[in-house]
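For reference, the structure discussed in these notes is given below.
No lab work stands behind these numbers, since they all come straight from the coordinates. Given the structure is predicted, the values throughout are model-derived calculations rather than measurements. For neighbour counting, all protein chains shown are included, and Cβ atoms are generated from backbone atoms with ideal geometry for every residue, glycine included.
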Amino acid sequence: MQHESINKLLMEQSVELVRAIYVGPDGIARGKAFRPDSLDEILESGIGLTQAQASVTVFDHLPAESQFQPVGEVRIRPDASTFQVLPYLPGHARMLSDIETIEGQAWELCPRSLLKTFLNQLSEQGMVIRAAFENEFTILKNVNETWQPLEKLNCFSSAAMDIASPYVLPIISALEKQGVLVEKYYPEAGHGQHEIPVRHQAGLQAADQQVVFKETVRGTALANNFRVSFMPKAAPDSAGNGCHIHFSLWDSSCEKNLFFDPAGDYALSETARYFMAGILKHAPALMAFTAPTTNSYKRFVERCWSSCYVCWGPDNREATVRAASGFKGQEAATVNLEFKPSDPTCNPYLALAGIICAGLDGIENKADPGEPVLTDPALLSPQERQSLGLAGYPTDLGAALRALEQDEVLRTGFGESRIADYITMKRAEIEMIDSLGKDAEQSAYLFRF
Ligand code: GLU
Ligand code: MG
């Protein structure tokens, strides 16, 4: 958006504060807000930020071993094209931001800039990724000063839709006012769990849209006196909150879905098979970014639709990658892949960058995804799974971090320094959660994401 149009909106809508939001490696949307009359200056030079902020954990704890400490500065640099007046919070507007060096270069730890690097790699090969993040979240209502799930009804329950209507409609309206195209809505299987799938977007906009989605759902809830949680296991005794990532590769004009081949098995092209094979090969390491909290691993429960074994399958909702069938008459536009071991605590820029990094490795090596799994792998015996080569997921965040440490492709693709800092930060988070005991996860993650 042009500066003049932004200035006009700021005036017309009586905006008092403009937030420059970035998502740190820890997955939390953070930012600094400024007064509208400094817009030009801030678009030009950015806002000061300590480098150390990229290394802090969800507890705002800066590990002593992190390479970035309190000396050293970067800039939050808002991207004018993402400007939105917040429809759910009068007087506020938002811009999504990159983190830059003082000289104005992309900073080595900026997640949004990392994604741009991978999008450029795709573009050099004549490809664009389209993706949608499919969030599940828990709606909580205040009962005697505690936050309890809104209802305990069934998956897709019409009765749950009745109960949730006053909660869900304001969210949908706020999303659409910001140009997010809501495709569907339904209650999910978990207590108080609901899902609002949105339209896929190309490249950077797909990840930006995920930030806008979560900001809007949380902010609209607060404005309407309820709360939501994106914590993977917000209600410990029911289904977890996933954030499956749907994606497909397109030619550079975004006209041809490169994953679709009517002659291929399950209408999948060779490109789709190679890309998927790369993702399967790197899945345990990738999960350090897509399932990035200690709580993420409690979501992976057999027969709970979260997927638990590394495999792929056509329309298999218990597979790491589901090859989603195309819709009749629109096959060429709708065939896509769905990555399941991802949840809404992920930093969308790192998650999508990881998917591209792993997928491109698959394309480069013409990797083979293996045979599709046509049943729920949990229904197979351990021997059957072993003979099919189906490995279980990392059992906890520590195991995913070890897989990341050993994954040369992700390490090189993301840069050794970024990976080292990420692992240090996440290990400090695990240590803190462990030391705080039983309720630590709930208080750390329930409302932070
Ligand atoms: N809640 C499930 C998960 O943890 C997903 C259910 C579904 O297939 O949408 O990912
Ligand atoms: Mg779902």
Between Phe59 and Lys298, with labels modelled 7 Å along Cα→Cβ, what's the label distance in nm to one decimal, could you check?
1.7 nm
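What's the FRET efficiency of Ile430 with Ile28 using the Cβ-Cβ distance as r and R₀ = 22 Å, to the nearest 0.05?
Details: r = 17 Å, r/R0 = 0.75.
Calculated transfer efficiency: 0.85.
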Computed E for Tyr185/Val71 - FRET, C-beta separation, R0 45 angstrom, nearest 0.05:
0.40
Relative contact order of the chain: what whole-number percent is it, with Cα pairs under 8 angstrom and at least 6 residues apart?
16 percent
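For Met231, Met11, Met425, what's the fewest-to-most ordering of other Cβ within 10 Å of each Cβ? Could the numbers behind the result be given before it?
Working: Met231 28, Met11 10, Met425 23.
Starting with the residue having the fewest Cβ neighbours, the order is Met11, Met425, Met231.
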With n ≥ 4 as the cut-off for DSSP H runs, can you work out [θ] at 222 nm for the chain, using -39500 (n - 2.57) per run divided by the number of residues, rounded to the nearest 500?
-11500 deg cm²/dmol
List the equivalent ellipsoid semi-axes of segment 250-409 in whole Å, largest first, each obtained as the square root of 5λ for an eigenvalue λ of the Cα gyration tensor.
25, 19, 15
If one computes the Cα centroid of segment 265-293 and of segment 340-360, what distance in Å separates the two points?
10 Å
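How high is the FRET efficiency between Asp37 and Asp315 when r is their beta carbon distance and R₀ equals 45 Å, given to the nearest 0.05?
Details: r = 54 Å, r/R0 = 1.20.
Approximately 0.25, to the nearest 0.05.
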Using Cα pairs under 8 angstrom and six or more residues apart, how large is the relative contact order of segment 240-387, in percent?
32 percent
If you place +1 on the Cβ of every Lys and Arg and -1 on the Cβ of every Asp and Glu, how big does the dipole about the Cα centre of the chain come out, in debye to the nearest 20?
720 debye
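Out of all DSSP beta bridges in the chain, what portion is antiparallel? Express it as a percent rounded to 5.
Working: 51 of 60 bridges.
So the antiparallel bridges amount to about 85 percent of the total.
Distance cut-off 32 Å, Cα to Cα: go down the list Lys116/Lys426; Lys141/Lys184; Lys32/Lys281 and report the pairs above it. Provide the component values of the computation, followed by the final result.
On the way: Lys116/Lys426 24 Å; Lys141/Lys184 23 Å; Lys32/Lys281 39 Å.
From the list (Lys116/Lys426; Lys141/Lys184; Lys32/Lys281), the Cα-Cα distance tops 32 Å for Lys32/Lys281.
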Run down the aspartates and glutamates and flag those whose C-alpha is under 12 Å from the C-alpha of Lys233, throwing out any fewer than 8 positions away in its chain.
Glu136, Asp343, Glu441
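For segment 88-208, what is the convex hull (Cα atoms) projected area averaged across all directions, in square nanometres?
On the way: hull surface 44.4 nm².
Computed as one quarter of the Cα hull surface, the answer is 11.1 nm².
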In the chain, with Lys and Arg counted as +1 and Asp and Glu as -1 at Cβ, which of these residues, Leu153, Gln406, Tyr445, has the Cα nearest the positive end of the dipole, that is, farthest along it?
Leu153
For segment 122-173, take the convex hull of the Cα atoms, compute a quarter of its surface area, and give me that in nm², please.
6.3 nm²
Segment Glu176-Glu103, length gained on full extension (0.36 nm per residue, minus Cα span)
22.6 nm
Over segment 354-449, one equal point on each Cα, no solvent: what is log10 I(q)/I(0) by the Debye formula at q = 0.19 Å⁻¹?
-1.08
Between the alpha-carbon centers of segment 122-185 and segment 418-437, tell me the distance in whole angstrom.
30 Å
The relative contact order of segment 320-449, taking Cα pairs under 8 Å that sit 6 or more residues apart, comes to a percentage of 16 percent
How far apart, in nm, are the 7 Å Cα→Cβ label points at Lys8 and Ser81?
2.0 nm
Taking every pair of distinct Cα atoms and averaging 1/r, then inverting, what Kirkwood hydrodynamic radius in Å comes out for the chain?
22.4 Å
At most 14 other Cβ within 10 Å, DSSP loop - chymotrypsin sites (Phe, Trp or Tyr not before Pro), segment 324-358
Phe327
Let me know the whole percent of all Cα-Cα pairs from segment 1-95 that are separated by more than 20 Å.
41 percent
What residues have an amide H closer than 5 Å to that of Asn336, excluding those fewer than 5 places away on the same chain, when H is modeled at 1.01 Å from N in the peptide plane?
Ala324
Towards the positive end of the charge dipole of the chain, with charges on Cβ (+1 Lys, Arg; -1 Asp, Glu), say which of Gly362, His92, Ala263 has the farthest Cα.
His92
Would you mind computing, in nm to one decimal, how far apart the modelled labels at Ser123 and Leu17 are, each placed 7 Å from Cα along Cα→Cβ?
3.4 nm
